[in-house]
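Since the structure comes first, as structure tokens, the remarks are kept for the end.
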Amino acid sequence: MKLFEKYIVINYLKNFFIIFIALDLFYVGVDILTNYNTIPDSANLQLLYALFQGMNAVNYVLPLSIVFGMIVSYFSMLKTNELICMYASSISQRAFIRPFVITALAITLGYIGLNSTDFAYAYEYGSNLKKYNRISSNSEDLFLKHNNQYVYFKKLDPLKQIAYDIAIFEVDHTDLLKVIRADTATFIDHYWVLENVTITHKPHVASLNDTGLKTEKVDKLQTMQDFKPKIMDNVYQSEYALSISDGIDALHFFDSQGINTSKIKATLFYQLFFPFFAPLLLVILYFKAPMMGRYYNSALIASLFAFITLIVWSGLFLLSRLASSGILFSEVAILLPIVLLLFTALYFYTKR
């Protein structure tokens, strides 16, 4: 890494983290003041709630901080004449913007990686603490379809991945084949492992000599491959707060079941593509920024850039909500604007 690139990255990261932490704490502070009467009385749970809300705030403040960090860094260097000195040292505009873009892309990819973990469920955990004084909430009376099986769970704990009082009705078209009942079931290695299982086979009686009802008992039974508890819980709640890995599994699973997956697709597109608007907008704003501060009102232009960032962010966020509600296709509401921003950024980059 060249000396000027190292200087730009350090300066940019410093401004980015200051803005990011400030916005994140502001979000958490406003949320706690708004919901102070509903959050748990326990100090430990209050700290956990604040932590989960801070993690949830990352979804909103991280893209803004990426762009705001560049705006502050750029205009600070413009004000101190560092920018014009670098240009006078034969550093091109492309070379100057490259450290910003690479750093912003690294942060964005790191954020997308976080959304592949339980980090994506921070809002749900915080809501559960506020409603139930615990991180997980049990779902009750679930009735779902899995391949040729209809599954009933009396109670499901998605965090512990345990279900209680299970009944599985296995059918062939409209003909009931057997009923499987179990006291508990645990999701282990992509399968549900049922314990204390009773299997009742429905007979096919054509004459009086045919075998009647048959019942057998087994200690354990493995069934329902890749039917993850988190997928079941979110379908029950009509919410799609899924991590990227669980979202991909849910997309494949429900697509194979012939179920509408538009909301799941919208969630995945939002998590995978929406964050890239920040590095792309960063490039566009950079090439529209003044190269000298003497003939421009730098404070006014910086404020205008911040306003444009908020407008673009809110517009894309609105489109993503429309896609999540099924009003617009995810490809049109989320992917298309990002592609347009990409081509616009490439145009400005190659033009210079």
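The values are calculated or read from the model by the stated rules, or taken from the named source; none is laboratory data. Note that the structure is predicted; figures quoted are calculated from it, not measured. Neighbour counts are summed over all protein chains in view; Cβ atoms, including those assigned to glycine, are modelled from backbone coordinates with ideal geometry. These accessible areas exclude ligands, DNA and RNA; they are computed on the full protein's heavy atoms, side chains included. Shrake-Rupley method; radii C 1.70, N 1.55, O 1.52, S 1.80 Å.
Points worth noting:
- Conditions (1) among the aromatic types (Phe, Trp, Tyr); (2) open to solvent by less than 40 Å² (accessible area, probe 1.4 Å); (3) modelled with pLDDT under 80: number failed by residue 240: (2)
- Subset of the range 291-345 that is of a type in the set (Phe, Trp, Tyr) and under 22 Å from the mean Cα position of the chain (by Cα) - its residue that is farthest from residue 19 (Cα to Cα): 329
- Number of the condition not met by residue 38 [criteria: (1) surrounded by 15 or more Cβ atoms within 10 Å (Cβ to Cβ); (2) touching a helix residue (DSSP H, G or I) at 6+ places or on another chain (Cβ under 7 Å)]: (1)
- Selection status of residue 230, closer than 22 Å to residue 118 by Cβ, charged (D, E, K, R), at pLDDT 80 or above and not in a strand (DSSP E or B): no
- Number of positions in the range 274-311 that are without any contact (Cβ under 8 Å) to a residue 40 or more places away in the chain and either of a type in the set (Phe, Trp, Tyr) or in a loop (DSSP other than H, G, I, E, B) (or both): 5
- If only residues of the range 178-215 that are farther than 29 Å from residue 243 by Cα, modelled with pLDDT of 80 or more and of a type in the set (A, V, I, L, M) are counted, the one that is farthest from the chain's Cα centre (by Cα) is 199.
- Applying a threshold of 9 Å to beta carbon distances and a minimum spacing of six or more residues, or different chains, the list of pairs starting in the range 157-178 at a residue that is within 27 Å of residue 124 (Cβ to Cβ) and ending at one that is open to solvent by 50 Å² or more (accessible area, probe 1.4 Å) and of a type in the set (Asp, Glu) reads 164/183; 165/183; 166/183.
- Residue match in the range 114-121 (condition: modelled with pLDDT under 85 and outside any helix (DSSP H, G or I)): no
- Of the residues examined, residue 339 is one that is closer than 25 Å to residue 109 by Cβ, without any contact (Cβ under 8 Å) to a residue 12 or more places away in the chain, part of a helix (DSSP H, G or I) and out of contact with any Cys (no Cβ under 9 Å at 6 or more places or on another chain).
- Flag: residue 99 matches the condition of being within 28 Å of residue 307 (Cβ to Cβ), assigned to a helix (DSSP H, G or I) and touching an Asp or Glu at 6+ places or on another chain (Cβ under 7 Å).
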